[in-house]
Amino acid sequence: MRDRENPVSHTLDTGIPSVARMYDHLLGGVDHYQADRDACGRLLEIVPDSRALALNNRAFLRRVVRHLAEKHEIRQFLDHGSGLPTADNVHEIAQGVHHESRVVYIDNDPIVLAHGKTRLDQNDNTAVVQADMRETDVIFEHPDVERLIDKEEKTAALFVSVMHCLKDDEVAPLLERVRRKLAPGSLFVICQLVSDRAEIREGVSTLMREATQGNWGRVRTKEEVTGYFSGLTILEPGLMNVTEWHAESEVVPQQRTEDWEEWGGIARLE
Ligand SMILES: C[S@@+](CC[C@H](N)C(=O)[O-])C[C@H]1O[C@@H](n2cnc3c(N)ncnc32)[C@H](O)[C@@H]1O
């Protein structure tokens, strides 16, 4: 029966693996179900270093948010496909640099809203919006986005480990729509799963599409991801395996993954 007190509960299907919950499982979190763990088991058979990849990606997210706040004085963040709360969430990093930084988390998975309401939406300068990141107008007209994101001020638009969830013809139009909404000087952080090996690209993409009932895109090539940055100014240190991106600030060296990587970087809207 539908739970009127909790509008999220009736939309959360624990029998179908979700990208957010699989990622949480790989990161060592607790917000996942048997179907997610089974799908992760199949993924690990194709790419055994998937846990290292997830941990490396999350470490990149921490480094890049701190870098944007410290070096570029970014004070407002739109986190597209934010994922479930975990250690060192974006607002904790950003507000650690500047306590009034504003962060809007956007995810279409109801479990992110359910857990995010308590663990991401923690003060007046944070909000969790359940929305499809492709619906740019809906997002920018949302009351929390209107309240927290000043359209005249530069914004960081985060697309970290999310573009592989979208179909080939969806990525460029999405970036174009967001570019039109943001002030000059805004920064884009974009990375996604890539592999030099065709069998990994095919194997993972087929598995993820089946597991999520078509709710996924593709593991791509570095050349394809480079294309996402068209019309933006790529900033130092350039596009790369995100494990290498300003890795000198990590106390402990991260494991390199062999079969695939998260690849991308940051760029400015002129
Ligand atoms: C691999 S996780 C990445 C989480 C976080 N960005 C990070 O890097 O740690 C991908 C997230 O994107 C979300 N996602 C996928 N497609 C989406 C869409 N069309 N709209 C909003 N969120 C989406 C998933 O629910 C999931 O939480």
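Here, each number is a calculation from the coordinates, and none is a lab measurement. All values reported here derive from a predicted model rather than from experimental measurement. Please note: Cβ atoms are built from the backbone with ideal geometry, for glycine as well, and neighbour counts cover all protein chains shown.
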Check: When the C-alpha atoms of the range 82-180 are aligned to their principal axes, what extent does each axis show, in angstrom, from largest down?
Finding: 37, 32, 23
Next item on the list: Using Cα centres only, tell me the gap between the range 210-270 and the range 106-145 in whole Å.
Entry: 24 Å
Margin query: As a test of the definition: which semi-axes, in Å, follow for the range 1-122 when you take the square root of five times each eigenvalue of its alpha carbon gyration tensor? Largest first, please.
Written below: 27, 21, 9
Notebook entry, point to check: In the range 32-131, which GluC sites (Glu not before Pro) are in a loop and have at most 14 other Cβ atoms within 10 Å, using DSSP for the loop call?
Noted result: 73, 100
Notebook entry, point to check: Can you give the calculated 222 nm mean residue ellipticity of the chain, where each DSSP H run of n ≥ 4 adds -39,500 (n - 2.57) and the sum is split over every residue, rounded to the nearest 500 deg cm²/dmol?
Noted result: -12000 deg cm²/dmol
Notebook entry, point to check: Out of the DSSP beta bridges found with both residues in the chain, what percent are antiparallel (nearest 5)?
Noted result: 40 percent
Item checked: Label-point separation in nm, residue 13 to residue 49, each point 7 Å along Cα→Cβ -> 3.4 nm
Checklist line | 19 Å Cα-Cα reach of residue 71 towards lysines, excluding residues that sit fewer than 8 places from it in its own chain | finding: 154
Notebook entry, point to check: Per residue and in Å³, how big is the convex hull formed by the alpha-carbon atoms of the range 151-270?
Noted result: 118 Å³
Next item on the list: Determine how many Å³ per residue the convex hull of the Cα atoms of the chain encloses.
Entry: 124 Å³
